[in-house]
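Only one structure is covered here, and it is reproduced in the block below.
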Amino acid sequence: MTEGQEIVGLCRDGRSREAFERIVRTYSERLYRHVRSFGCSHEDSDDLLQDIFIKVWNALPSYRGEAQLFTWLWRIATNETLNFLKSRRFRFFLSSRTLDVREENRADDDPWFDGDEAQKLLSLALRKLPPKQRAVFSMRYFQDLSYAQISGIMGVSVGALKASYHHAYMKIRAELENNM
């Protein structure tokens, strides 16, 4: 029996709270890292994780186990994070230079960095990518997900994902070459 089937079984037995607690216990750290890989701050990632788990709790009764639990959770997390990033862009309509300065300062203040300059430059390059390219790159490069898994999460064809990853890679490469 797969984990998703076990979760469905718990829900059918009226043990939704136990199923939810199991999801939170098992996936909190990985979901946090997934959200964080989009370039969100620690505080934003924590807030988003709470929002994601609220969505999971509300959607848990309708989860049928047809998609893998991992895929279902990642789809919710990815959509919630992309929506957050879109709304943040509209709220903070800034010039690109101001945004670059804010992102650079945020990276300097971020405890996620251990002072490694290459890591900082990579993070800044990632933050300049459009959110969907950033998501594809992060899931493929950092989380080592297959294109098939990413396709299930994002609802995009494997071919489109490969193209998106390639474009993201080329942009990051150019950004790193300009800064070294």
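Cross-link list LYS132/LYS162; LYS132/LYS171; LYS120/LYS162; LYS55/LYS132; LYS86/LYS120: which exceed 18 angstrom alpha carbon to alpha carbon? It would help to have the intermediate numbers written out before the result.
Values: LYS132/LYS162 12 Å; LYS132/LYS171 14 Å; LYS120/LYS162 25 Å; LYS55/LYS132 21 Å; LYS86/LYS120 23 Å.
Flagged as over cut-off: LYS120/LYS162; LYS55/LYS132; LYS86/LYS120.
Can you list which of the trypsin sites (Lys or Arg not before Pro) found in the range 136-180 are DSSP loop residues with at most 11 other C-beta atoms within 10 Å?
none
Please compute the alpha carbon radius of gyration of the range 1-91, then divide it by the globular-protein estimate 2.2 N^0.38 Å. Two decimals is fine.
This ratio for the range 1-91 stands at 1.12.
Every number in this text was worked out from the coordinates using simple rules, so none of it is lab data. Since the model is a prediction, treat every value here as computed from it, not as a measurement. Cβ atoms come from the backbone with ideal geometry, glycine included; neighbour counts cover every protein chain shown.
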